[in-house]
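Shown next, in structure tokens, is the structure this report addresses.
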Amino acid sequence: MILKMDDKKIIIIGGGQASCQVAASLRQKKFTGDISILSSESYLPYQRPPLSKKYLSGELAAERLYLKPEKFYEEQNIEVILDSYVEEIDRKKSQLTFSKDKGHKNIEYDNLVIATGTEARLMAKENPNLQGIHYLRSIDDVEMIKSSLKGSKNMVIIGGGYIGLEVAAVANTLGLKVTVVEMASRILERVTSPTISSFYNSFHESRGVKILTNTSVQGINGDNRVSSVETSSGSIDADIVIVGIGVLPCQALAEDAGIKVDNGIVVDEFCKTSDDYIFSAGDCTLHPSHFYNKNIRLESVHNAIEQGKTVASSIIGEKVSYNQIPWFWSDQYELKLQIAGLNNDYDEYVVRGNLDENSFSVFYFKSGYMIASDCINSAQEHMMSRKFISEKTKIDIHRLQNKEISIKEVMS
């Protein structure tokens, strides 16, 4: 029997930006079949970037993280099943099996969407019960960190990536003595250029944060609660430790079901997996980038939103390929860093603006064309760089360096 489109049942696994976007976009496209979102957490689908910023600092309540209010799901007839742990995807039966202790019955799907995001990369610990060691991926994680912050004076952050530095900025502002320990030769080494790394290193240290690069963690001391961190540079007092050493795609469900994975769930330009009835979107996907001519995995809100839209289009039979220039952002103190593109393999870069004024941009070029940008407190430059990158605009580099010339007037 061939199902009509509106008789289809769509199941979405995940409680983040991508899952919410798939459901919302399906309804926007007038799909009237069944839609269910399955989340392993106890909260409605929510945004994660504020977790290490305004939510950690106490400026935002949990409800303000929600992507849509409860009323939206009711009005759009979207079922949201919380605390649901999917154990197995049975592709032959088009059926999902749940953890038995949660009491959910197995359910069938016509199309499945895997939007499981990422999970924190864990650090080996000699004493797994030691209190005061935290990761930051969820609302519950931040609630535990907030509880640990009470009475704490010394924080050690393991990992000098965006999450670690955002937490450092918040904790420093709250009055803690903060030390960042980074194994690489510079902070943000994996994601940006030496110019940006050096700027952020100096800025954090000017605010009192201590940053140790080329430093490895050799152990964490304490009886019931952490008391210090042993590093290759010596022992550091700590009553709270944040581990931010990267994330891994949540791909085990797909992999166990025989779906192709490779540092992410492999999808085509329509976000379809190796199974014709299963799609995937968001941080967990490895997808083709026509612009960079390779497969990439992105951890960004923009990617999750746009792939969510692509999945919805694919499900209803529209062929709209996903081909976007990635962009990201990071808020630290009064600095807003906006990133466009991927600066891998650049052969030239240009700085526009004054680093001392905390408002400048770094533009990255390859073979004469802009491929990426890092813009700090420079929103207009960021928006124009996205246009330059996507349209492969020929840029006069000397005019680009001249801040007196409008960013809109730097084309060759």
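Restricting attention to the range 272-299, report how many residues are modelled with pLDDT of 95 or more, touching a strand residue (DSSP E or B) at 6+ places or on another chain (Cβ under 6 Å) and open to solvent by less than 30 Å² (accessible area, probe 1.4 Å).
So the answer is 9.
Show the residue pairs meeting these rules: Cβ distance below 9 Å; 6+ apart or different chains; first residue within the range 172-192 and among the small types (G, A, S); second residue surrounded by fewer than 18 Cβ atoms within 10 Å (Cβ to Cβ).
What qualifies is G175/K153; A184/R190; A184/T213; A184/N214; S185/T213; S185/N214.
Hey, R137 hits all of (1) in contact with a strand residue (DSSP E or B) (Cβ under 7 Å, 6 or more places away or on another chain); (2) of a type in the set (K, R); (3) closer than 17 Å to D331 by Cβ but one; which does it fall short on?
Exception for R137: condition (3).
Filter the range 147-161 down to the residues that are open to solvent by 50 Å² or more (accessible area, probe 1.4 Å) and either within 27 Å of S42 (Cα to Cα) or touching a His at 6+ places or on another chain (Cβ under 8 Å) (or both) and list them by number.
So the first thing to find is which residues in the range 147-161 are open to solvent by 50 Å² or more (accessible area, probe 1.4 Å), and the list is 147, 150-151, 153.
Listed by number, the residues that qualify are S147, K150.
Could you please find all residues in the range 168-211 being of a type in the set (K, R) and either open to solvent by less than 20 Å² (accessible area, probe 1.4 Å) or farther than 15 Å from N358 by Cα (or both)?
K177, R186, R190, K210
For (1) of a type in the set (S, T, N, Q); (2) at pLDDT below 95; (3) part of a loop (DSSP other than H, G, I, E, B), each residue gets a yes or a no:
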position	(1), (2), (3)
I305	no, no, no
G308	no, no, no
S314	yes, no, no
V320	no, yes, yes
N323	yes, yes, yes
Q338	yes, no, no
N344	yes, yes, yes
V350	no, no, no
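Would you be able to tell me the number of residues in the range 49-85 that are among the basic types (K, R) and in contact with a Cys (Cβ under 8 Å, 6 or more places away or on another chain)?
From the range 49-85, those among the basic types (K, R) are 53-54, 64, 68, 71; that's our starting set.
With the extra rule that they be in contact with a Cys (Cβ under 8 Å, 6 or more places away or on another chain), the set shrinks to 68.
The total comes to 1.
Six or more apart or on different chains, Cβ under 6 Å: which pairs go from a residue in the range 367-391 that's closer than 14 Å to S406 by Cα to one that's assigned to a helix (DSSP H, G or I) and modelled with pLDDT under 95? Could you list them?
Listed by first residue and then by second, the contacts come to Q380/I407; E381/I407; M384/I407.
Residues being open to solvent by 10 Å² or more (accessible area, probe 1.4 Å) and either assigned to a loop (DSSP other than H, G, I, E, B) or on the phi > 0 side of the Ramachandran plot (or both): count how many of those fall in the range 354-403.
Qualifying residue count for the region: 9.
Taking the range 109-125, which residues are assigned to a loop (DSSP other than H, G, I, E, B) and surrounded by fewer than 20 Cβ atoms within 10 Å (Cβ to Cβ)?
Residues satisfying the conditions are D110, R121, L122, M123, A124, K125.
Looking at (1) on the phi < 0 side of the Ramachandran plot; (2) open to solvent by 10 Å² or more (accessible area, probe 1.4 Å), find the lone condition where S94 falls short.
Of (1) on the phi < 0 side of the Ramachandran plot; (2) open to solvent by 10 Å² or more (accessible area, probe 1.4 Å), only one is false for S94: (1).
Which of the residues belonging to the range 204-240 are at positive phi and more than 30 Å from the chain's Cα centre (by Cα)?
Within the range 204-240, G222, G234 qualify.
Looking only at the range 230-271, how many residues end up being under 19 Å from S300 (Cα atoms) and open to solvent by 50 Å² or more (accessible area, probe 1.4 Å)? Working first, answer last.
First, pick out the residues of the range 230-271 that are under 19 Å from S300 (Cα atoms): 244-251, 262-271.
Then keep just the ones that are open to solvent by 50 Å² or more (accessible area, probe 1.4 Å); that gives 245, 248, 262-263, 269.
Of the residues in the range 230-271, 5 are under 19 Å from S300 (Cα atoms) and open to solvent by 50 Å² or more (accessible area, probe 1.4 Å).
Are there helices (runs of 4 or more DSSP H) fully within the range 137-226 with at least 2 residues that are of a type in the set (D, E)? List them.
Because the criterion is at least 2 residues that are of a type in the set (D, E), the helices (runs of 4 or more DSSP H) in the range 137-226 that meet it are 139-149.
Just for helices (runs of 4 or more DSSP H) wholly inside the range 1-88: which have at least 3 residues that are open to solvent by 50 Å² or more (accessible area, probe 1.4 Å) and modelled with pLDDT of 95 or more?
70-75
The values are calculated or read from the model by the stated rules, or taken from the named source; none is laboratory data. Quick caveat, the model's predicted, so the values are computed rather than measured. Cβ: placed from backbone, ideal geometry, glycine included. Neighbour counts: every protein chain shown. To get the accessible areas, we keep the full protein, side chains included, count just its heavy atoms, and leave off ligands, DNA and RNA. Shrake-Rupley method; radii C 1.70, N 1.55, O 1.52, S 1.80 Å.
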